[in-house]
Amino acid sequence: MSDYGILSIIPPSLSILLAVTTRNIMLSLTAGAFSGCLILTGFNPFFAIAELVEDHIFIQITSGSNAQIIIIMFAIGGFIHLLDKSGGAKAFSTVMTRFISNAKRAQLAAWTAGICVFFTDSGNALIVGPLFKPVFKQLKVCREKLAYIIDTTASPVSILVPFISWGIYIMNLIENTYGDVGIEGEPFQVLLSVWPYQFYAFLALLSIPMILSTGKDYGPMARAQANYNKELHNDPDEQLKTDIPSDIPEKENLSAVLLPLGILLATMAIYMGYFVMTEGVKSIHMRGGILTAYIFAAVACAYLMKKQKNQPYNETFNEYVKGMQNLVFICLLLVLAWSLSSICKELKTGYYIAAIIGDSISPSFIPLIVFSIGAVMSFATGSSYGTFAILLIIVIPVAYTLNAPLELTIAAVLSGGLFGDHTSPISDTTVLASMGADCPHIDHVTTQFSYALIPGTMTFMTFLVSGFYQSPYIIFAMIICQFIVIKTIMRVFGTTNGLLIK
């Protein structure tokens, strides 16, 4: 195989540059893959197109594991859409309003509901947001706080669950990159080993109850709450208005979410449990269990929609297909990511980067650097998925060659992509959170950033320490440190919001 030297870094570098400047991840991956094929074919455009389509896109789509992943992604999309159409997810969240008696409980309930709606990050905002908006309004909590809560529980929860689209997507990227580098390891086991190091997801989720426990706000959020209090004071009639839904769902409506999710988890447990007890869990078993579980859960949704809403099965199937269509973009993104990965393998991109770095950077700093790059890239593009696709291709070979902590490096990609996506004004989850809370988008972005910066900074420090003292238990120390930091910030800069007392 030829030594392409510095040319080998052009495809991923071009993808990153275009992702940051155009904010179009599809264009960025396509351009990066095509540039790699130009290099492989001696800069002949015709042969480059043929190389890209025949030797990479077609090969990646027809690869056994990749084809299985595409099928699974469609199955997940169909199920999520049915769950939304059945009203089950909204019913589950609405029931929680029974236990709300004051502003503090309302915010904690919104946080809990956001965690419970773990199966879709976008659905989180569209389900929890509209439901709690009238509750927050009645209890005089500003819309910016609701947008912050649902945005901070959306992606951080989704990335921690291995059997939804986020986990499947990440496992597939790991599997393909490991295969290209020649590293042995089951993707599911790798993801489990990475799980304790997803520092930003844990710290962001826990920052909400930590902040609520102080009874204070600071920075733009404090100003937003103060302005809202002033509006209510100047308009006494507004204080009496409430549009809290009175139609709390009956048990049969609540079953529209409990039964499908129960079947989903039970099927996964039975399917995976069998292989745990016999030949051991392999990637194919994981994929087979996930697909079977989501199909059974979708059938349960269809049955309940027929029973409770008298919706014909053919209409339910059409809705299922619509849900599948919602994940077409992600599947296309996967195909391009697979293609770019295989092109970088032929160009030996990772090994060239590792050779350049050599001994100039200690392997212990690799996770910290990767987290920082991922955060900047994801913030600029608004896409954590695109950040994962591009960076994992690059950093896994580099970390492996330099003997850097591999699981920690992968976790750094995930945490960096998550932090940037969480704070980016062009992220889809950020936009949906603004929509779900009926909050002006720029207000949500500005009020959330100062709060997200706390777990983001703590994550930065955690990767710095973990690079030298790698341990999954370090997260517990950082959780305590974050709580102290939040208490200190609120004591020095915070103002009492008056929301803990009804």
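Numbers at a glance
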{"quantity": "Condition broken by V395, with the remaining ones in (1) modelled with pLDDT of 80 or more; (2) farther than 30 Å from A48 by Cα satisfied", "calculated": "(2)"}
{"quantity": "Number of positions in segment 51-89 that are assigned to a helix (DSSP H, G or I), over 21 Å from F163 (Cα atoms) and either in contact with a Pro (Cβ under 9 Å, 6 or more places away or on another chain) or aliphatic (A, V, I, L, M) (or both)", "calculated": "6"}
{"quantity": "Matching residues, segment 134-176, being buried (at least 21 other Cβ atoms within 10 Å of the Cβ) and of a type in the set (K, R)", "calculated": "K137, R143, K145"}
{"quantity": "Whichever residue in segment 287-309 is aromatic (F, W, Y) and more than 23 Å from the chain's Cα centre (by Cα) and, among such residues, is farthest from A269 (Cα to Cα)", "calculated": "Y303"}
{"quantity": "The lone exception for I39 - which of (1) under 33 Å from the mean Cα position of the chain (by Cα); (2) buried (at least 18 other Cβ atoms within 10 Å of the Cβ) it fails", "calculated": "(1)"}
{"quantity": "Which listed residue is under 28 Å from G456 (Cα atoms) and either within 19 Å of the chain's Cα centre (by Cα) or of a type outside the set (A, V, I, L, M, F, W, C) (or both), from F136, F163, F132", "calculated": "F163"}
{"quantity": "Flag if T409 is part of a helix (DSSP H, G or I), crowded, with 23+ Cβ neighbours inside 10 Å, at pLDDT 90 or above and touching a helix residue (DSSP H, G or I) at 6+ places or on another chain (Cβ under 6 Å)", "calculated": "yes"}
{"quantity": "Residue match in segment 17-27 (condition: within 23 Å of I170 (Cα to Cα), touching a helix residue (DSSP H, G or I) at 6+ places or on another chain (Cβ under 9 Å) and hydroxyl-bearing (S, T, Y))", "calculated": "no"}
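To keep it simple, each residue is scored yes or no on (1) in contact with a Gly (Cβ under 6 Å, 6 or more places away or on another chain); (2) in contact (Cβ under 8 Å) with a residue 40 or more places away in the chain; (3) not in a helix (DSSP H, G or I).
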position	(1), (2), (3)
F388	yes, yes, no
Y451	no, yes, no
F468	no, yes, yes
S471	no, no, yes
I479	no, yes, no
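Here's the yes/no breakdown for (1) under 23 Å from F79 (Cβ atoms); (2) in contact with a Phe, Trp or Tyr (Cβ under 7 Å, 6 or more places away or on another chain):
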{"residue": "A147", "(1), (2)": "no, no"}
{"residue": "S158", "(1), (2)": "yes, yes"}
{"residue": "V161", "(1), (2)": "yes, yes"}
{"residue": "I164", "(1), (2)": "yes, yes"}
{"residue": "I168", "(1), (2)": "yes, no"}
{"residue": "L173", "(1), (2)": "yes, yes"}
{"residue": "T177", "(1), (2)": "no, no"}
{"residue": "P187", "(1), (2)": "yes, no"}
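The values are calculated or read from the model by the stated rules, or taken from the named source; none is laboratory data. Keep in mind the model is a prediction, meaning the values are calculated, not measured. FYI the Cβ positions are ideal-geometry reconstructions off the backbone, even for glycines, and counts take in every protein chain you see.
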